[in-house]
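What follows is a single structure, written as structure tokens, with notes after it.
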Amino acid sequence: MRILKALMLPLLLILSLLGVDQLHAAGDMTRRPVALPDLVLGNDDSDYSMSQTEYQLETGQAYQLKIISSGQKEYAFQAPEFATSIYLRKVEAGGVEIKAVTLTELEFEDAGEAEIFFLPVKPGKFRFYAKGLEGKGMLGHFVVK
């Protein structure tokens with residue numbers, strides 16, 4: 001039994017040199033994001049419109065989502081349950097790249113845009129909305145499979 005234990009470490013090292021340990025690692029999943037359709041908050045016809053009300057996502061696939069405010073109102077984009085079920089890689093807004101552990105809110109006081117880069121890690125159906133405007137139709141869902 002001791003001989004088997006003594007041979008196990010060298011065997012594992014040899015297998016790792018041969019690349020057996022990389023059979024499941026096809027690279028950095030966060031570096032190949034799928035661009036989702038833009039989420040536009042408000043338009044010329046309605047202050048309370050959202051261009052998308054549902055996004056179909058898969059765990060383990062990286063995504064980028066651009067959120068655009070038309071400037072019709074102040075919009076505070078939130079998705080609290082979703083934010084705790086993703087790996088947030090970064091947020092880009094106004095020429096600034098923000099790296100954070102989680103995202104609480106994107107507040108647009110005027111017209112503008114922000115782009116989030118993320119990787120869903122937990123399946124489920126998660127709400128996203130403009131805070132305080134859910135009853136006026138500014139509510140959608142991320143559906144993660």
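Assorted remarks:
- Looking only at region 19-41, and only at residues there that are touching a strand residue (DSSP E or B) at 6+ places or on another chain (Cβ under 7 Å) and modelled with pLDDT of 85 or more, the one that is surrounded by the most Cβ atoms within 10 Å (Cβ to Cβ): 41
- Within region 57-67, the set of residues being within 24 Å of residue 132 (Cβ to Cβ) and either surrounded by fewer than 16 Cβ atoms within 10 Å (Cβ to Cβ) or at pLDDT below 95 (or both) comprises 66 only.
- Positions within region 44-56 being assigned to a strand (DSSP E or B) and modelled with pLDDT under 95, in sequence order: 50
- Considering region 121-145, the residues that are open to solvent by 100 Å² or more (accessible area, probe 1.4 Å) and part of a loop (DSSP other than H, G, I, E, B) include one that is farthest from residue 46 (Cα to Cα), namely 122.
- All positions within region 86-120 that are part of a loop (DSSP other than H, G, I, E, B) and crowded, with 18+ Cβ neighbours inside 10 Å: 103
The values are calculated or read from the model by the stated rules, or taken from the named source; none is laboratory data. These numbers come from a predicted model, not from an experiment. As a convention, Cβ positions derive from the backbone with ideal geometry for all residues, glycine included, and neighbour counts pool all protein chains shown. SASA here: full protein model, heavy atoms, side chains in, ligands and nucleic acids out. Shrake-Rupley method; radii C 1.70, N 1.55, O 1.52, S 1.80 Å.
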